[in-house]
Amino acid sequence: MTAKMNFKINQGSTFNPVLRWEGAEKVYKVITNVTKSAPVVITAVEHGLVSGWRVKLTDIVGTKELNNTAMYHPITVLTPDTISINSINSLSYTTYVSGGVVEYNKPIDLAGMTARMQLRTKIESDIVIHELTTENGGITLDNVTKQIKLTIPAATTTTFDFTSAVYSLEIIDSIGVVFNFARGTITLNKEVTR
């Protein structure tokens, strides 16, 4: 399934969003402790997460304020057994009693993959405004942090003169299978200070 993501590029600034490819397989790690702190710290032995990954928390006894079957939060890895969620201040929450689950989608293994992305004014256009690939350094696939990093330098965005464009981002595995990872529109915010 192709994700729909719209971006804004600030003309004259570096464009460098970080994306993550979440697989369909769910991972569940049992929670053994939750702190009353800012930010909250959660213990889930051998959680297997990387910083920036999204999790949701369910079935916690005691600190029920954290239970949410729909909301995902980006985390920071503290140790192989603990994570923190910077957006949650749990100082006034009820005290943790037992149980609970950290749930997340398993990251896709990016090893051996390449990627390509093109910007065009319209889908039908033969003119490529800009192309990013793993070969030209515009896309970095980091399998350790499970990040897909896009980069367009400020010197390049300064030259852009479109108002709106479209893009698609494809990821190719080691045997040549192409995945349509994302597509959408890109709006250019014109530079004032130059």
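The values are calculated or read from the model by the stated rules, or taken from the named source; none is laboratory data. Note that this is a predicted model, so its numbers are computed, not measured. When we count neighbours, we look across all protein chains shown, and the Cβ atoms used for this are built from the backbone with ideal geometry, even at glycine. These accessible areas exclude ligands, DNA and RNA; they are computed on the full protein's heavy atoms, side chains included. Shrake-Rupley method; radii C 1.70, N 1.55, O 1.52, S 1.80 Å.
Table: residues versus (1) in contact with a Pro (Cβ under 9 Å, 6 or more places away or on another chain); (2) aliphatic (A, V, I, L, M).
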position	(1), (2)
LEU119	no, yes
GLU135	no, no
LEU150	yes, yes
ILE175	no, yes
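Identify, from the list ASN136, ASN189, the residue that is more than 30 Å from THR35 (Cβ to Cβ), loosely packed, with under 15 Cβ neighbours inside 10 Å and free of Cβ contacts under 8 Å to residues at least 24 places away in the same chain.
ASN136
With the requirement that a residue be open to solvent by less than 30 Å² (accessible area, probe 1.4 Å) and either assigned to a loop (DSSP other than H, G, I, E, B) or without any contact (Cβ under 8 Å) to a residue 40 or more places away in the chain (or both), what does region 100-113 give you?
GLY100, LEU110 - these are the residues of region 100-113 that are open to solvent by less than 30 Å² (accessible area, probe 1.4 Å) and either assigned to a loop (DSSP other than H, G, I, E, B) or without any contact (Cβ under 8 Å) to a residue 40 or more places away in the chain (or both).
So, restricting to strands (runs of 3 or more DSSP E) that lie completely within region 1-90, which ones have at least 3 residues that are aliphatic (A, V, I, L, M)?
22-30, 40-43
Is it the case, given these coordinates, that TYR93 is touching a residue at least 12 places away in the same chain (Cβ under 8 Å) and in a strand (DSSP E or B)?
Criteria not met by TYR93.
Would you confirm, using the coordinates I've provided, whether VAL34 is in contact with a strand residue (DSSP E or B) (Cβ under 9 Å, 6 or more places away or on another chain), open to solvent by 70 Å² or more (accessible area, probe 1.4 Å), β-branched (Val, Ile, Thr) and over 21 Å from GLN147 (Cα atoms)?
no
With among the polar types (S, T, N, Q) and either farther than 26 Å from VAL144 by Cα or in contact with a Pro (Cβ under 7 Å, 6 or more places away or on another chain) (or both) as the only criterion, which of ASN86, ASN105 stands out?
Checking each option against the conditions leaves just ASN86.
Being surrounded by 15 or more Cβ atoms within 10 Å (Cβ to Cβ) and either under 16 Å from the mean Cα position of the chain (by Cα) or hydrophobic (A, V, I, L, M, F, W, C) (or both) is the filter here; which residues of region 55-77 pass it?
VAL55, LYS56, LEU57, ILE60, LEU66, TYR72, HIS73, ILE75, THR76, VAL77
So, ILE88, is that one more than 23 Å from LEU19 (Cβ to Cβ), at pLDDT 95 or above and within 20 Å of the chain's Cα centre (by Cα) or not?
When the stated conditions are applied, ILE88 passes them.
Quick one: which residue in ILE152, ILE129, ILE123 is of a type in the set (A, V, I, L, M), modelled with pLDDT under 95 and within 22 Å of THR2 (Cβ to Cβ)?
Answer to the selection: ILE123.
Would you tally the residues in region 129-185 being aromatic (Phe, Trp, Tyr) and in contact with a Gly (Cβ under 8 Å, 6 or more places away or on another chain)?
1
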